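Visitor: My questions will all concern the structure given below.
The values are calculated or read from the model by the stated rules, or taken from the named source; none is laboratory data. Predicted model, so just to flag it, every value in this text is computed and none were measured. Because the Cβ atoms are built from the backbone with ideal geometry, glycine has one as well, and the counts that use them run over all protein chains shown. Ligands, DNA and RNA are stripped out before the accessible areas are found, and what is left, the full protein with its side chains, is counted by its heavy atoms. Shrake-Rupley method; radii C 1.70, N 1.55, O 1.52, S 1.80 Å.
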Amino acid sequence: MNVLIVTPYISSTYGGISKVITEIVQQITDTGIFIDIITTNADDLHKLNVTLNTWIYQENYRIQYFSCWNRNDLIISFSMLKWLYSHIKNYDIVHIHTIFSPLISISNWICQSVKIPYIITPHGMLEPWALTYKSWKKRLYFKLIEKPSLENCNAIQALASSEEENIKLLGIKSPIFTVTNGVDRQEFENLPKPDLFYQQFPVTKNKTLILFLGRIDPKKGLDLLAPAFAKVYHKFSQTHLIVAGPDSIGFLPTVKSYFTKAGCLEAVTFTGMITGELKLSALAAANIYVSPSYSEGFSMSVLEGMATGLASVITTGCNFPEAGIANAAKVVDINSDDIADALIQLLQDSNEAKNMGVRARQFILENYTWDRIALKMVAVYQDITSICIHKNTH
């Protein structure tokens with residue numbers, strides 16, 4: 001089977017989508033399925049330094065980059081669309097990532113015009129909070145363009161059971177299936193020591209570290225985390241908050257104003273985007289993981305924090321009620337008081353925090369690793385292509 005992955009961007013500055021795509025692709029290709037990825041060289045306001053218009057061979061898949069015009073999330077690439085139209089018939093199925101993008105909308109239309117089966121993964125962009133943010137633009141785009149594309153696709157991938165239910169409430173009639181994100185088991189078997197992180201950010205050494213790992217974005221709930229952490233900091237003066245993630249939309253000054261207003265900016269370190277060994281070292285240094293998000297598809301960073309063995313405080317907006325049911329994380333309502341109370345409880349009871357971290361690690365490594373998740377995705381690809389072949393022969 002030949003599968004084509006289409007995504008407007010693969011740069012890590014856009015969040016976890018690039019990691020999701022590359023990690024699951026590596027596992028899927030181990031099953032014998034051939035996968036190509038096409039994308040652009042968009043990198044926020046800049047461009048990736050990559051070779052264009054030719055296949056770049058990775059360990060077990062190929063990727064091709066195309067030039068584009070981009071401003072933040074708005075990306076246009078005529079060369080990518082031209083290539084797609086010319087080569088799409090070489091594939092059995094197309095898997096399209098993200099929505100609310102003109103580049104992706106036209107890609108959907110190309111699939112429809114040549115009658116190639118395609119799957120859409122919205123990555124949380126159809127969640128209630130996401131739809132209400134800049135709602136007048138999205139409402140019109142959704143009605144005129146996005147909903148018809150979704151209703152003409154062969155299936156929609158939800159990343160969580162709650163996301164699946166929310167998509168159904170929009171009245172979209174396409175089949176919906178849930179396949180979650182995951183982690184690479186090997187990446188979390190032997191974490192580096194925290195020394196690398198301490199060397200880079202010495203103010204964090206000998207502190208009780210609370211780690212937020214994600215984009216600096218309105219949906220991430222940093223306006224809630226600021227007053228919540230202020231309550232924690234005034235009760236536990238040795239605590240220090242790490243805010244680790246890229247600022248792709250110029251939102252950092254606003255975020256810093258939240259912590260200034262709350263009276264705790266001196267106890268917060270903004271690291272910018274961290275990756276690789278430095279990110280793993282930050283996870284190793286942390287004592288508690290926090291995700292105060294208003295809305296997520298299915299957060300990669302939450303999985304990573306839990307896989308590290310950290311006690312975690314996450315909101316219901318993270319779409320991970322299973323973690324609360326398994327007592328592997330504290331799942332709280334989306335407000336600063338509940339976030340603060342959960343953090344304080346973990347700091348007051350270090351034994352419970354340690355035990356929760358042990359449960360979290362076991363829970364993630366037993367249920368949310370890419371090798372397991374890839375098999376579910378392969379089964380979906382096979383089911384859809386089999387149905388299409390059956391229809392075409394009758």
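Visitor: Express in Å², to the nearest 10, the accessible area of R71 obtained by rolling a 1.4 Å probe over the protein heavy atoms while all chains stay in place.
Guide: Here the residue's solvent-accessible area equals roughly 120 Å².
Visitor: Quick check on packing: order 10-21, 310-321 by the mean number of other C-beta atoms within 10 Å, highest mean leading.
Guide: Top of the packing list down: 310-321, 10-21.
Visitor: Starting from the Cα of K256, draw a straight line to each of the lysines and keep only those under 20 Å, dropping any in the same chain fewer than 8 residues away.
Guide: By straight Cα distance, K256 reaches K219, K220, K231.
Visitor: Can you find, among A285, S79, T98, the residue farthest towards the positive end of the dipole of the chain? Put +1 on the C-beta of Lys and Arg, -1 on that of Asp and Glu.
Guide: S79
Visitor: Carbon and sulfur: what percent of the range 48-153's accessible surface (1.4 Å probe)?
Guide: Numbers: 3060 of 5450 Å².
Of all accessible area on the range 48-153, carbon and sulfur atoms account for 56 percent.
Visitor: Assigning unit charges at the beta carbon (Lys, Arg +1; Asp, Glu -1) and nothing else, what dipole magnitude in debye, to the nearest 20, does the range 101-147 show about its Cα centre? Kindly include the intermediate steps, with their values, before the conclusion.
Guide: Numbers: 7 positive and 2 negative charges, 40 e Å.
Magnitude of the dipole: close to 200 debye.
Visitor: Show which lysines lie in cross-link reach of K279 when reach means a straight Cα distance below 17 angstrom and same-chain residues fewer than eight apart are skipped.
Guide: Reachable lysines: K19, K193, K205.
Visitor: Once you charge only the Cβ atoms, +1 for Lys and Arg and -1 for Asp and Glu, what is the size of the charge dipole of the range 6-148 about its Cα centre, to the nearest 20 debye? All intermediate terms of the calculation are to be shown ahead of the outcome.
Guide: Numbers: 13 positive and 10 negative charges, 142 e Å.
Approximately 680 debye in magnitude.
Visitor: Here's a follow-up. Stick to Cα atoms and the Kirkwood definition of Rh, then tell me Rg/Rh for the range 1-103. Numbers along the way, then the final one.
Guide: Numbers: Rg = 12.9 Å, Rh = 13.8 Å.
Result: Rg/Rh = 0.93.
Visitor: In square nanometres and to one decimal, what's the mean projected area of the convex hull around the Cα atoms of the range 152-262? Write down the numbers at each step before the final one.
Guide: On the way: hull surface 43.2 nm².
Taking the Cα atoms of the range 152-262, their convex hull projects to 10.8 nm² on average.
Visitor: Between A328, A353, I384, whose Cα lies farthest towards the positive end of the dipole of the range 295-394 when Lys and Arg beta carbons carry +1 and Asp and Glu beta carbons carry -1, centred on the Cα centre?
Guide: Value computed over the given set: I384.
Visitor: Ordering Y57, Y258 from largest to smallest accessible area (1.4 angstrom probe), what's the sequence? Don't skip to the end; give the middle numbers.
Guide: Working: Y57 155, Y258 70 Å².
Sorted descending by solvent-accessible area, the residues read Y57, Y258.
Visitor: Considering Cα pairs under 8 angstrom that are at least six residues apart, work out the relative contact order of the range 205-261 and quote it in whole percent.
Guide: Numbers: 61 pairs, mean separation 29.3, N = 57.
With pairs under 8 Å counted, the relative contact order is 51 percent.
Visitor: Probe radius 1.4 Å, ligands and nucleic acids left out: which of L225, L140, L196 has the largest accessible area, and how do the rest follow?
Guide: L140, L196, L225
Visitor: Starting from the Cα gyration tensor of the range 49-90, take the square roots of the eigenvalues, sort them a ≥ b ≥ c, and report rounded, prolate or oblate (rounded when a/c is under 1.5, otherwise prolate if a/b is larger than b/c, else oblate). Let's see the in-between values first.
Guide: Numbers: a/c = 2.28, a/b = 1.25, b/c = 1.82.
It is oblate, given that a/c is not under 1.5 and a/b is not larger than b/c.
Visitor: Enter the accessible area per residue of the chain (Å², integer; probe 1.4 Å; all protein chains in place). Intermediate values should be presented prior to the final figure.
Guide: Values: 16940 Å² over 394 residues.
Counting only protein heavy atoms, the per-residue value for the chain is 43 Å².
Visitor: Got a number for the accessible area of E151? Probe 1.4 Å, square angstrom, nearest 10.
Guide: Rounded to the nearest 10, the figure is 80 Å².
Visitor: How much accessible surface area, in Å² rounded to 10, belongs to the heavy atoms of S67 with a 1.4 Å probe?
Guide: Rounded to the nearest 10, that gives 50 Å².
Visitor: Given H placed 1.01 Å from N in the peptide plane, which residues other than close sequence neighbours of I5 have an amide H under 5 Å from its amide H?
Guide: Distant-sequence amide H within range of I5: D36, I37, I38, H95.
Visitor: Within the accessible area of the range 198-279, what % is carbon and sulfur when the probe is 1.4 Å and the other protein chains stay in place? Mind dumping the intermediate values first?
Guide: Values: 1810 of 3520 Å².
The C+S portion of the solvent-accessible surface of the range 198-279 is 51 percent.
Visitor: Please report how many Lys pairs in the range 112-182 have alpha carbons closer than 22 angstrom, counting only residues at least 8 apart along the chain or sitting on separate chains.
Guide: Summing the qualifying lysine pairs gives 14.
Visitor: Place a +1 charge on the Cβ of each Lys and Arg in the chain and a -1 charge on the Cβ of each Asp and Glu, then give the dipole magnitude about the Cα centre in debye, rounded to the nearest 20.
Guide: Working: 34 positive and 35 negative charges, 177 e Å.
Here the size comes out at about 860 debye.
Visitor: Related question: For the range 184-224, place one equal point scatterer on every Cα, skip the solvent, and apply the Debye formula. What is log10 of I(q)/I(0) at q = 0.14, 0.17, 0.19 Å⁻¹?
Guide: Summing over Cα pairs of the range 184-224 leads to -0.53, -0.74, -0.85.
Visitor: Continuing with this model, one more query. Under a Cβ-Cβ cut-off of 15 Å, what is the net charge of the residues other than T178 that fall near it, where Lys and Arg count +1 and Asp and Glu count -1? Working shown, then result.
Guide: Numbers: positive: K168, R372, K376; negative: E127, E163, E164, E165, E296, E322, D383.
Result for the local shell: -4.
Visitor: Could you check what % of the DSSP bridge pairs in the chain are antiparallel, to the nearest 5? Numbers along the way, then the final one.
Guide: Values: 7 of 51 bridges.
Beta bridges within the chain, antiparallel portion: roughly 15 percent.
Visitor: Could you sort T7, T22 by their accessible area in this structure, using a 1.4 Å probe and putting the largest first? Mind dumping the intermediate values first?
Guide: On the way: T7 0, T22 35 Å².
Most to least solvent-accessible, the answer reads T22, T7.
Visitor: Net charge around I10, counting only other residues with Cβ within less than 10 Å of its Cβ (Lys, Arg = +1; Asp, Glu = -1)?
Guide: Working: positive: K19; negative: D43.
Surrounding charge for I10 is 0.
Visitor: Right, another one. Throw me the Rg/Rh for the range 251-394, computed over C-alpha atoms with Kirkwood Rh, two decimals.
Guide: Values: Rg = 19.2 Å, Rh = 17.4 Å.
My calculation puts Rg/Rh at 1.10.
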